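What follows is a set of notes on a single structure, which appears directly below.
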Amino acid sequence: MRKLVISFILLFGASLAWPQAVAQMRTRLLTRLTNTEIEQYLKRNDVIFIPVGTVEPHSEIPLDAEYVAPLAYALKLAEEGDGLVLPGMVYFFPDASVVGRGAVHVTPSEGTAYLKVIAHSLLRQGFRRQIYITAHGPSFQTVSPLVREFFDETHVPIVHLESSAFRRPRPATPAPASLQPNAGGTSPVSAFGKLMYGAYAIVGRVEDIPLNLSEPVPPHPADPGINNLLPLGPQSGTVGFYMSDYTDHTGPAKSVTAEERAQYAQEGTEMIEQAVKAIDIKGILQAMRDHDKYTQTHIVPQYDWMFENK
């Protein structure tokens, strides 16, 4: 433990203050950088964002919508906070939408185990401040155990930035009605759907959203008990269930024109950019550093008897 504390002090003794301007990079995606560029980056910073997704039905939006959304946030946050982005964490717990044949099912425990291997590797590589971003409500069942167990194993705090965190800040000037997260107006596409369109635009894939695709909702029975059970706790963390039809997730596919797709993408992009500006990622990263330093210089030395077998 003393060696760990000494190493930490040596690491944090260097000047790690935020630069006046965030360094420019040709890309923030780790897999598109060379090893030389990674080595250069790690000389000045230690931040990486890991978008964690699912593959499941999402109306007319492609199956990887809830991977693309956190990826879009991660790219914007990386620019604001001088971090890198680890892409490719796509196939995790989809929950009740597995009734759709496009959904890829991975259990929460299987996903946690895989992410933990990735987290340990990233720490060894030099990425001490890791932020896992999700847009899928039930993802906490995968990522929350990762955060806690990784901390117990390494005493290094990593963070789960869940999608609702982007809606908590309240700007002094309210956003236009069309950009409010829960406002759909008369548009057949909800504000959440527009956010997804914006995410695909940010990652350069808006044309993956098909035009003029629609489908009817087949007759299917409603579960008579589930709506009285879900409010008792956090979604499927309270009771297991399956949707009666895959269109129960975000509705059936909605027909959109090229002009509508472009408009929704523009509105969704503005929503994401507003949220990123409101969340103060530099403050979060500084808080992670402060918490880490306190843990290493106070908690670990004082309670090293708890960690003798770790």
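The values are calculated or read from the model by the stated rules, or taken from the named source; none is laboratory data. Bear in mind the structure is a predicted one, so any value in this text is a computation, not a measurement. Glycine also receives a Cβ, built like all others from the backbone with ideal geometry; neighbour counts cover every protein chain displayed. For accessibility, only protein heavy atoms count, side chains too; no ligands or nucleic acids. Shrake-Rupley method; radii C 1.70, N 1.55, O 1.52, S 1.80 Å.
For the chain, the residue among V147, H291, V85 whose Cα projects farthest onto the positive side of the dipole built from Cβ charges is H291. Going by accessible surface with a 1.4 Å probe and the largest first, S164, S190 read S190, S164.
For the chain, leaving out every one of the chymotrypsin sites (Phe, Trp or Tyr not before Pro) that falls in a DSSP loop and has at most 15 other Cβ atoms within 10 Å, the longest unbroken run is 1-240.
DSSP finds beta bridges in the chain, and of those with both partners inside it, around 10 percent are antiparallel. Given axes a ≥ b ≥ c from the Cα gyration tensor, I'd like to know whether segment 195-310 is rounded (a/c under 1.5), prolate (a/b larger than b/c) or oblate. Taking the square roots of the gyration eigenvalues as a ≥ b ≥ c, segment 195-310 is oblate. Counted by Cβ distance under 10 Å from H136, the other residues give a net charge of -4, where Lys and Arg count +1 and Asp and Glu count -1. Each residue of segment 129-138 is assigned a 3J(HN,Hα), and the resulting list reads 9, 10, 10, 9, 10, 10, 10, 9, x, x Hz, derived from the Karplus form 6.51 cos²θ - 1.76 cosθ + 1.60 (θ = phi - 60°), x at Gly and Pro. Annotation: amide H-H contacts under 5 Å for I133 (H modelled 1.01 Å from N, sequence separation of 5 or more, or interchain): I50, V52, L161.
Each stretch of four or more DSSP H residues adds -39500 (n - 2.57); spread over every residue of the chain, this sum gives -12500 deg cm²/dmol at 222 nm.
Here the average projected area of the convex hull drawn through the C-alpha atoms of the chain stands at 18.5 nm². Summing Cβ point charges (Lys, Arg +1; Asp, Glu -1) relative to the Cα centre of the chain gives a dipole of roughly 1100 debye.
Relative contact order of the chain, please, whole-number percent, based on alpha carbon pairs below 8 angstrom and at least 6 residues apart.
It rounds to 23 percent for the chain.
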